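Notes follow once the structure below has been shown.
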Amino acid sequence: MGQSTRLAELVQERINTFVASKRTDLEPLGESIADLLTAASDFLSGGKRIRAYCISLGFTACRELNLTSPLNNDAARVVNAAAALELFHAAALVHDDVIDRSETRRGKPSVHTNFARKHSRSGWRGQAAHFGVAAAILLGDLLQSWADELFQEAVDSSEPAAGSRARGHFNRMRTEVAFGQYFDVLEEQQTTFAPHAEQMERATRVLLYKSAKYSVEEPLLIGAALAGASTELEKTLSGFGVPAGVAFQLRDDVLGVFGNSAVTGKPSGDDLIEGKRTVLVTLTRKELNTSLRAIFDDVFGDAEMTSLQLEMLQRTIRETGALDQVEELIAKNMRLAQRFARSPEVAPAAVEKLVSLAESMAKRQA
């Protein structure tokens, strides 16, 4: 069994036992706790566990990690930290779906959609949509609180210096992703696109702080800190994590326009309908003349966009060469990450795993 598969199983087990313990602790609050707890359990089942795996790789880049049961203290700390990040990520996704008004997640109804439907089925007073949003916000808040509890368990069982450094990375990650999300929301409110250079800077800023650093760099650094890594190793892992994370998000942007909904779990072309001003869209607009750009902008971000209009935008992105440019950027960032993975500071056991991780992030289909 591979390290990623074994870790995913351990993380799921830890999440399950944690939620079960909360269910027991919260029984005095009455039967109404069941809805949020069931929603939490359902949402926390499965997933790619990318951030959890990056924590284990960050640790392995410093020294050996043995995930054989019964878990030793090192493995238990890594699993707790990994589970914490998965809880935090789940919270971010729940809130992200509210912000984006997304009705689906992983091919199923999003949390706020599920709660709105429950409201309608129950015949309750008030607006079903508002109840759904309120319940989803509260579930996200609850998951964030639980994430902090689990992470503190990892910190408390670490050497003080290692725990303090890991906590610092965790805190910075949470701050950066909040601002990254805000940058994304702020960008969608702009009535017009900025000049190309400024628009690229904005798109890159969203990409970096909403996803790239949060998905790869910071989880690696958390794992390395828990292992007592040197400053030099952490710098190397940052050198790997940022371009690997950029490749990951650029691929996500491509999938948001051209992805197969049966594989991604999101409607095809969803980013175009939502008006996401990604690097892919920014490069497309640069290649269009004034009149064609005006046509593109008029359709882009229209919630009532027809299938023919969506196909027109997709075709335009291909024909301008913007898709090819993004593919080149993905490949360039993947190669840069892989060079850092082969740095002498990285423990031999982690080198090829990091190389493979960068490739899988650049070439993923979901």
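The values are calculated or read from the model by the stated rules, or taken from the named source; none is laboratory data. Given the structure is predicted, the values throughout are model-derived calculations rather than measurements. Ideal geometry is used to build each Cβ from the backbone, glycine not excepted, and the neighbour counts take in all protein chains shown. With ligands, DNA and RNA removed, areas are computed over all heavy atoms of the protein, side chains included. Shrake-Rupley method; radii C 1.70, N 1.55, O 1.52, S 1.80 Å.
A few points about this structure:
- Restricting attention to the range 117-126, the residues that are touching a helix residue (DSSP H, G or I) at 6+ places or on another chain (Cβ under 8 Å) and open to solvent by 20 Å² or more (accessible area, probe 1.4 Å) add up to 5.
- Count of the range 302-317 residues, restricted to those that are without any contact (Cβ under 8 Å) to a residue 40 or more places away in the chain and not charged (D, E, K, R), is 8.
- Condition met for S4 (hydroxyl-bearing (S, T, Y), open to solvent by 20 Å² or more (accessible area, probe 1.4 Å), modelled with pLDDT under 95 and under 24 Å from S110 (Cβ atoms)): no
- Residue count for the range 297-317, restricted to those that are part of a helix (DSSP H, G or I) and surrounded by 14 or more Cβ atoms within 10 Å (Cβ to Cβ): 9
- Residue in the range 51-68 that is farther than 30 Å from E234 by Cα and either under 22 Å from the mean Cα position of the chain (by Cα) or not in a loop (DSSP other than H, G, I, E, B) (or both) present: no
- Qualifying residue in the range 142-150 (condition: among the polar types (S, T, N, Q), at negative phi and surrounded by 17 or more Cβ atoms within 10 Å (Cβ to Cβ)): yes
- The number of residues in the range 20-36 that are in contact (Cβ under 8 Å) with a residue 40 or more places away in the chain and closer than 17 Å to A147 by Cα comes to 2.
- For first residues located in the range 159-172 and open to solvent by 70 Å² or more (accessible area, probe 1.4 Å), partners that are among the charged types (D, E, K, R) and lie 6+ apart or on another chain with Cβ distances below 8 Å form the pairs R172/E218.
- Assessment of the range 38-48 against the conditions (open to solvent by less than 60 Å² (accessible area, probe 1.4 Å), without any contact (Cβ under 8 Å) to a residue 24 or more places away in the chain and under 30 Å from A224 (Cβ atoms)) yields no matching residue.
- Spans of helices (runs of 4 or more DSSP H) in the range 196-269 with at least 3 residues open to solvent by 10 Å² or more (accessible area, probe 1.4 Å): 196-207, 231-258, 261-264
- Exactly one residue among Q325, Q338, Q314 is farther than 24 Å from K213 by Cβ and within 26 Å of the chain's Cα centre (by Cα), and that residue is Q314.
- Test: residue in the range 79-89 that is open to solvent by 60 Å² or more (accessible area, probe 1.4 Å), under 26 Å from L357 (Cα atoms) and part of a helix (DSSP H, G or I): no
- Residue among A341, A322 that alone is over 30 Å from T231 (Cβ atoms) and in contact with a helix residue (DSSP H, G or I) (Cβ under 6 Å, 6 or more places away or on another chain): A322
- Hits in the range 102-116 (condition: open to solvent by 70 Å² or more (accessible area, probe 1.4 Å) and touching a residue at least 40 places away in the same chain (Cβ under 8 Å)): R106, K108, N114
- Screening the candidates L292, L272 for the property of being open to solvent by 40 Å² or more (accessible area, probe 1.4 Å) and either in contact (Cβ under 8 Å) with a residue 60 or more places away in the chain or part of a helix (DSSP H, G or I) (or both) yields one hit, L292.
- Only one of the numbered conditions (1) open to solvent by 20 Å² or more (accessible area, probe 1.4 Å); (2) in a helix (DSSP H, G or I) is violated by L280, and that is (1).
- Residues of the range 333-348 that are part of a helix (DSSP H, G or I), among the hydrophobic types (A, V, I, L, M, F, W, C) and open to solvent by less than 70 Å² (accessible area, probe 1.4 Å): M334, L336, A337, A341.
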